[in-house]
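The values are calculated or read from the model by the stated rules, or taken from the named source; none is laboratory data. All values reported here derive from a predicted model rather than from experimental measurement. All Cβ positions, even for glycine, are placed from backbone atoms using ideal geometry, and neighbour counts span all protein chains on display.
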Amino acid sequence: MAPRSRSPYLVLTLLTALGLACPGGADDVAARAHELHFSSIVLDTHDDTTQRFFSKGFALGRRNPDGHVDIPRMREGGMNAIFFSIWIDGRILGPPAVAKALDQIAAVHENVERYPDDLVLARTADDVRRAHARGKIAVLVGVEGGHMLGNDIRMVRIFAELGVRYITLAHFYNDEWADSSTDKPAHDGLTDHGKDIVREMNRRGVLVDISHVSDKTFHDALELSRAPLIASHSSCRAICSHPRNMSDAMIRELAAKGGVIQINYERSFLDQAYKDASDALSGGVVAQMDALQKLCGDDAECMNRKTKEMQDQYEREGKLPHVSWERIVEHVDHVVKLVGPEHVGLGSDFDGASMPEGMEDCSKLPKITEALVRKGYTDADVRKILGENTLRVMEQAERRAAAAGDASTRPWPGNGGERP
Ligand SMILES: [Zn+2]
């Protein structure tokens, strides 16, 4: 057998690995982006992985062949802070909604206990920073839909005590006190009870999340809330006109009050051609959801699987256009050009949405950092987008709650902070 020749490609690969190729050039940028990404707090504000905790075939601690999030892939992608979303069908109301939400919150806690070397619960921004300093992944909880309060304002406090850090005011349907962006207006935004709930969220340091709510609900919440708002997973209407996305005017208003929009990676939120083609095939998001719920009931795992099967088939048949992960960066950049780098972050919707090509799961996240660095973003601005903006908003909400005498924003026990 002839000795293996040293190909120019191999030499280049070795030089790149040693950081010796093209000083100041492309490989230098890649190395800088890698170092920046893996030293930052990378906080994702919306992941539907919680639904998978109830599936026999899934384990958070091992690499799964499907889905978007598990601990090995989070480590690979440098995702070190995550909001696991609590979600149930918006037509379930009252005490059954509370019971199902508590089931899911318990499942998040159980998973953290199962993987203590990797995960730790976080309730405050400081908890997240401490977890990062200890090399752990900070786990936070967000409740995606006001219907899970069971129309009982006392549940805000109870959820806050259990670690819930944001509540989305409404989901797919209007709830008892807030209008959704995908339902017929019933309350003209927030009812008086809804306004009391927003005040109670401020008092408990729970972020007011306006992803999925109607424009009027957004404006009511913006006017009322004494802490900045977040959109935990929404993108920009200027690029893709989806009712769940935010218009430039809304983004400006959100930013003027210190808030942050966390970009959603769902293909039909990112790309207008994809959304138009998808709507033409399914009759729009409402008809699509109805069809899926007929097939799957409230089994979110089943809904995700069926959506993916359908989309894969349409793509094979050439009925849906391709959407590249670079669209995510386009939406981030759009917000930055509009209101600066202090008001945008990442809210992937992993395990609850169809990911664009190149962002198959959370292990691909470093690509976003590299793309931002290549666009000329400073390290400080990239860190803001990756997580610091959300932490700032959390801190503001915590200060507001502390001033109101609330105790539910104490550090989580066992996370290095003391609990009185
Ligand atoms: Zn959602």
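Results, tabulated for the structure shown:
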{"read-out": "Close pairs (6 angstrom Cβ cut-off, 6 or more residues apart or separate chains): under 29 Å from G345 (Cα atoms) in the stretch 82-104, among the small types (G, A, S) and within 13 Å of the ligand (Cβ to nearest atom) anywhere", "value": "F83/G142; S85/G142; G90/G145"}
{"read-out": "Matching residues in the stretch 12-52 - criterion: being more than 28 Å from W87 (Cβ to Cβ), at pLDDT 95 or above and of a type outside the set (A, V, I, L, M, F, W, C)", "value": "R32, H34, E35, H37, S39"}
{"read-out": "Residue satisfying condition, being closer than 27 Å to A287 by Cβ and crowded, with 21+ Cβ neighbours inside 10 Å, within set D127, D179, D183", "value": "D179"}
{"read-out": "Filter result (of a type in the set (F, W, Y) and farther than 19 Å from M394 by Cβ) within the stretch 155-196", "value": "F172, Y173, W177"}
{"read-out": "Residue that is nearest to D361 (Cα to Cα) [pool: residues in the stretch 70-91 that are in contact with a Lys or Arg (Cβ under 8 Å, 6 or more places away or on another chain) and within 16 Å of the ligand (Cβ to nearest atom)]", "value": "F83"}
{"read-out": "Residue in the stretch 306-328 that is closer than 17 Å to S234 by Cβ and within 18 Å of the chain's Cα centre (by Cα) present", "value": "yes"}
{"read-out": "Wholly enclosed helices (runs of 4 or more DSSP H) of the stretch 222-284 bearing at least 1 residues crowded, with 21+ Cβ neighbours inside 10 Å, within 18 Å of the chain's Cα centre (by Cα) and within 13 Å of the ligand (Cβ to nearest atom)", "value": "267-270"}
{"read-out": "Test for R305: is it closer than 30 Å to L60 by Cβ, touching a residue at least 12 places away in the same chain (Cβ under 8 Å) and of a type in the set (K, R)", "value": "no"}
{"read-out": "Residue ID - farthest from R129 (Cα to Cα), chosen from residues in the stretch 29-65 that are within 19 Å of the chain's Cα centre (by Cα) and part of a loop (DSSP other than H, G, I, E, B)", "value": "L60"}
{"read-out": "H147 being surrounded by fewer than 18 Cβ atoms within 10 Å (Cβ to Cβ), touching a Leu at 6+ places or on another chain (Cβ under 9 Å) and either touching a residue at least 12 places away in the same chain (Cβ under 8 Å) or within 21 Å of D192 (Cα to Cα) (or both)", "value": "no"}
{"read-out": "So I105, is it out of contact with any His (no Cβ under 6 Å at 6 or more places or on another chain) and either over 30 Å from N174 (Cβ atoms) or buried (at least 23 other Cβ atoms within 10 Å of the Cβ) (or both)", "value": "no"}
{"read-out": "Cross-chain or 6+ apart pairs with Cβ under 8 Å, the stretch 36-62 first and over 21 Å from H233 (Cβ atoms) and among the aliphatic types (A, V, I, L, M), then away from the ligand (no atom under 16 Å from the Cβ) and outside any strand (DSSP E or B)", "value": "L36/T369; L36/V373; L36/D379; L36/V382; L36/R383; A59/D70"}
{"read-out": "Set G150, G145: member being at positive phi, of a type in the set (G, A, S) and over 22 Å from the mean Cα position of the chain (by Cα)", "value": "G150"}
{"read-out": "Some residue of the stretch 182-194 being within 21 Å of the chain's Cα centre (by Cα) and assigned to a loop (DSSP other than H, G, I, E, B)", "value": "yes"}
{"read-out": "Hits in the stretch 320-347 (condition: over 20 Å from M250 (Cα atoms), out of contact with any Leu (no Cβ under 6 Å at 6 or more places or on another chain) and of a type outside the set (A, V, I, L, M, F, W, C))", "value": "P321, H322, S324, E326"}
{"read-out": "Residue within the stretch 193-214 that is farther than 23 Å from R123 by Cα, away from the ligand (no atom under 16 Å from the Cβ), free of Cβ contacts under 8 Å to residues at least 12 places away in the same chain and surrounded by fewer than 24 Cβ atoms within 10 Å (Cβ to Cβ) present", "value": "no"}
